[in-house]
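Report on the following structure.
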Amino acid sequence: MKIYFLSALPCALKLNGVYFGATDRFERFVELSLQDRIFAEFTPENALPIGFFLTEDLRFTPPDGCEVYLLADGIAVYARDFPPKEFSLRVIAQARFQDVLVTLFQQGALQLSVEWENSFFNATLPPTFENATLSEHGGLYFVEGQNRLAAYTKTAKCVFLEETLAYTFVENELHATLPLSDCLGRTADCVWALTEKGCERKRMTIRQAVAEPNAAQSLLPYVFLESVRIGADYAQFLSDELQPDAEKLRAFLGEFESVILTRDPSVYGLLRQKKPRLYEAAYYTVETIDGKITDVRG
């Protein structure tokens, strides 16, 4: 079985104590059997390691600090939340926006506090925001890290958390370019409306850096599925024959967290959350003719 390894921080990966290689957000994999109970250990530079046995339990219970993705050809393990080495208090950034005081600090975990009137709210952030700055837009409080952006409400609820290539704020809108994990260098140009309650994605345009014949045709299924996911106008991508079944097609695909690409340009995985930190991909074949979706099969 293929076991894919990814990590939020650059790590040295050891399997049964033997150095296997470096990990980051680009997946590496190894063929192994879960029957062998191999011990995997992710060791970052400035945090404590995450270690666990690779067993059949991976399918049901993610190791502490990890997310697990059940895929058609194996299992992906993403080491995300590493135990900190240092527990002393360190203030990273602090800013006051009208009557609200926002503080980014580290005391063990990286944390964000939002204080106003007699209220105090706290949230834990990923370690990738260790050197971030603070700003306010549209009633939300943004933590701006290197190639990462997060937004929180006055009650410290996270309403946006994405890797970004570029972004800008235009009045009460966020315009951002997000990387898509695939070999064609695809990116998504998105626009979100900002309110005190959260972010609502309004528009999305997929772009492709690598030249490919019929690129627009190859991007169509991804744009269609992402439009279904966010509740945008997906019916515009359907052929005349499928238009009457647009609502049935939406129900057929169901709810899902994200779209993943495969080696087959007509097959896409839809990630659904089974339980906290555990996801499973369901695969669908999307056929197109003359720039329209003609069939979707599970």
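Structure data summary
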{"item": "5 Å binning of all Cα-Cα separations within the range 3-142, expressed as whole percents from 0 upward", "result": "2, 9, 17, 18, 14, 11, 10, 9, 6, 3, 1, 0"}
{"item": "Of the trypsin sites (Lys or Arg not before Pro) in the range 6-91, those whose Cβ has at most 16 other Cβ within 10 Å and which sit in DSSP loop", "result": "Arg25, Arg37, Lys85"}
{"item": "DSSP-assigned coil residues among GluC sites (Glu not before Pro) in the range 234-298, each with at most 15 further Cβ atoms within 10 Å", "result": "Glu241, Glu255, Glu257"}
{"item": "DSSP-loop GluC sites (Glu not before Pro) across the range 1-99, with at most 10 other Cβ within 10 angstrom", "result": "Glu45"}
{"item": "Full-extension gain in nm, Thr262 to Thr168, via 0.36 nm per residue minus C-alpha separation", "result": "30.7 nm"}
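Taken together, the values in this text are just the output of simple stated rules run on the coordinates, not laboratory data. Since this is a predicted model, take the numbers as computed values, not measurements. Positions of Cβ are backbone-derived with ideal geometry, glycine not excepted, and every protein chain shown enters the neighbour counts.
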